[in-house]
Amino acid sequence: MNTFTCIIVDDDHYSTEQLKEYISDTPALKLLYCFNDSVEALTEIKKINGQVDFLFTDIEMPKLNGLELSKQILSKFKNLILVSAHVKYAPEGYSLEAKQFLTKPFDFKKFSKLVHSVIQRFIIDKPFIMMKLGAKNDMAKIYTDEIIFIEGASNYIQIHTIARTYVPYYKISVIDEDLKDHPYFLRINKSNIISANHIKSVSSYKILMSNGKELNVSSAYKQKFDWFVKNVIFKK
């Protein structure tokens with residue numbers, strides 16, 4: 001079963017406890033953080049590498065409301081769920097591509113129905129690539145957001161994902177071309193393609209990936225990498 005990560009932002013303690021309980025009772029969901037202060041949430045969420053699957057946020061909060069918060073961290077979540085007693089905010093929320101509007105008060109049945117409807121659409125829409133493995137023409141469906149980096153070796157490549165490593169008979173130049181429409185991927189040397197979603201840290205032209213692997217940017221790719229840092233990594 002796929003597990004989807006969640007963050008809660010709500011200054012109402014009763015609402016956060018209710019959401020925490022419902023998320024705990026939903027096997028497909030995993031709570032990462034819960035914030036009662038939206039300014040603190042903004043600071044901490046910006047530090048996260050990659051994207052969270054669900055952001056549940058209240059709208060009416062002091063200092064920074066949920067709509068303003070969401071605008072500033074759009075690249076940090078995949079599915080925005082607005083939680084409010086005031087449906088008047090729904091149109092503005094949908095302009096931020098909010099997937100659902102959870103109206104207070106709500107019970108577990110309503111919460112569960114909403115979450116599973118989003119998950120079903122999310123699974124269908126989730127980008128992936130198909131790879132042929134071995135001599136028997138076995139095919140693997142690899143979700144692009146789970147790819148950490150790709151390593152080339154002659155006519156084979158190693159696709160390192162969160163769960164495992166795939167070794168298809170494929171050239172790195174070909175998969176580089178296949179991924180050109182996925183903005184979070186970049187080739188950084190003759191042998192490696194990285195995903196911005198899984199970069200842990202960058203020091204000069206040394207990159208530490210989320211699985212602990214350190215990779216170097218070669219001189220021929222430094223100009224592209226500088227652009228990538230400025231326009232992709234720093235905007236996440």
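The values are calculated or read from the model by the stated rules, or taken from the named source; none is laboratory data. Since this is a predicted model, take the numbers as computed values, not measurements. Every residue, glycine as well, gets a Cβ built from its backbone with ideal geometry; the counts of neighbours run over all protein chains shown. Heads up: the accessible areas ignore ligands, DNA and RNA and are worked out on the full protein's heavy atoms, side chains in. Shrake-Rupley method; radii C 1.70, N 1.55, O 1.52, S 1.80 Å.
Figures for the structure shown
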quantity: Leading residue by the ranking (farthest from Leu82 (Cα to Cα)) among those in region 7-28 that are touching a residue at least 60 places away in the same chain (Cβ under 8 Å), under 18 Å from the mean Cα position of the chain (by Cα) and buried (at least 19 other Cβ atoms within 10 Å of the Cβ); calculated: Ile7
quantity: Tabulated pairs, region 145-163, first farther than 17 Å from His182 by Cα and polar (S, T, N, Q), second open to solvent by 50 Å² or more (accessible area, probe 1.4 Å) and at pLDDT 95 or above, C-beta under 9 angstrom, 6+ apart or interchain; calculated: Gln158/Glu151
quantity: Region 170-197, residues that are touching a strand residue (DSSP E or B) at 6+ places or on another chain (Cβ under 7 Å) and of a type in the set (Ser, Thr, Tyr); calculated: Tyr170, Tyr184, Ser191, Ser195
quantity: Boolean, Glu177 is open to solvent by 30 Å² or more (accessible area, probe 1.4 Å), assigned to a strand (DSSP E or B) and out of contact with any Leu (no Cβ under 6 Å at 6 or more places or on another chain); calculated: no
